[in-house]
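To keep things clear, I will list the structure first and then write my remarks on it.
The values are calculated or read from the model by the stated rules, or taken from the named source; none is laboratory data. Note that the coordinates shown come from a computational prediction; the quantities given were computed from them, not determined experimentally. Using ideal geometry, Cβ is built from the backbone for each residue, glycine included, and neighbour counts are taken over all protein chains shown.
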Amino acid sequence: MNETRRLATFLRSYRLWVILAPLMMTLEVALDLLQPWLIARIIDDGIANSDIDVVRQTGLIMIGVATLAMIVGVSCSIFAVRASQGFGADLRGSLFRKVQDLSFGNLDRLETGGLITRLTNDVTQLTETVAMLLRIMVRVPLLLVGSMILAAFTSPRLALLFLVLMPTIAVVIGLVMRVAFPIFKVVQKKLDRLNTVMQENLAGVRVVRVFARTGYERDRFETANTDLKETTLSVIKYIVIVMPVLMFVINVGIVAALWFGGRMIDTGSLQVGQLVAFSNYLLQSLMSIMFLSMLAMRFARAEASATRVNEVLDSVPTVTNPPVAIEEFRPRGRVEFDNVTFAYDADSEPVLREISFTAEPGQTIAILGATGSGKSSLVSLIPGFYDPTEGRVLIDGVDVRAIDEAA
């Protein structure tokens, strides 16, 4: 979770909500853990002894505890939503500002569709994860540990069931996570590809129709769409295994508790209320692990999204101002290409080779060539969108790389 942890700085402005939400959830868990104990008191001290006063008093206490738990639970949700939505808005804003500062070379590498996915889907994934972190991620460990402790306190002998059930569940979750996590990264890349195809098609819809390429574009979109579907299904088939297996383990645990607990009641070493309380604690602990598996899946997706978001935030513009740049520049219009060679990256073939020409102010020069011959690339070098691989581009005798971008 290193990539996700790096984004925690965006929560600093909401530290008050980040502190209050877990505190409220801790109080809610403590109140929820009281309920099985109160039920046991009603059964063993009230019903077993035909003491209606104990039943009535304990019932009123349970209602009060449940009401208070509801209030603090709602408060926790409000605080968590405030923090998570603020986190998402700040992260999205930071990403957008970073994109505005990137060079055309960075944008070519990241692709428009990929950037859209990062600014929308990936940020949404992280925002939802933060909300879950402040609520369920706090609730689940506390409820798990608290239930196990109180279950052991209620019946130490029955608590030995945890030694069998817990490792079984942990192995299932671990195996699924090991397989599913790498596939989540692939799913996000496939979504990038789909968004890129769609964005290119919408941006160039007139060209597509003029050259009668509608059929080709439909096939292209269908290929990307099917690829995303198949990859998503490949990860879902592992996820769907988790819930049935966990429910099976939970049911086996409950049956085992009732079986052994019933025999202990026959021997007089356990009371009925204690068995009911233990069963509730066992169910709470096992359900907590089930929720923990859901959180593990969520965090796997969040880590994949965080990696992609950090890739943008860590990007360094390929075109930067020199240490001493010309801040004020009033061009007269003389453009000169001096033996310019240009490639979009170090591993690709140059799209321009040893280009030299001069365009005087007021002079008209036509640049002709087939599609993909480098006409747009040549023009993009004049305002400094890209740096030449070799040679110089001069405006009024000044290398464009020496001119401040804001000039």
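Data overview
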read-out	value
Test: residue 50 is among the small types (Gly, Ala, Ser) and surrounded by 15 or more Cβ atoms within 10 Å (Cβ to Cβ)	no
Search result, residues across segment 111-120 that are within 18 Å of the chain's Cα centre (by Cα) and crowded, with 16+ Cβ neighbours inside 10 Å	113, 114, 115, 116, 117, 118, 119
From 87, 104, 79, 96, residue being in the same structural domain as residue 40 (by TED's automatic domain parsing), in contact with a Leu (Cβ under 7 Å, 6 or more places away or on another chain), under 30 Å from residue 385 (Cα atoms) and aromatic (Phe, Trp, Tyr)	96
Test for residue 110: is it among the hydrophobic types (A, V, I, L, M, F, W, C) and touching an Asp or Glu at 6+ places or on another chain (Cβ under 8 Å)	yes
Within segment 19-57, tally of residues that are under 30 Å from residue 79 (Cβ atoms), charged (D, E, K, R) and out of contact with any Gly (no Cβ under 6 Å at 6 or more places or on another chain)	1
Which listed residue, of 163, 194, 119, is part of a helix (DSSP H, G or I) and in contact (Cβ under 8 Å) with a residue 60 or more places away in the chain	194
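Yes or no, residue by residue, for (1) in contact with a Gly (Cβ under 9 Å, 6 or more places away or on another chain); (2) part of a helix (DSSP H, G or I); (3) β-branched (Val, Ile, Thr):
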position	(1), (2), (3)
247	no, yes, no
254	no, yes, yes
279	yes, yes, no
297	no, yes, no
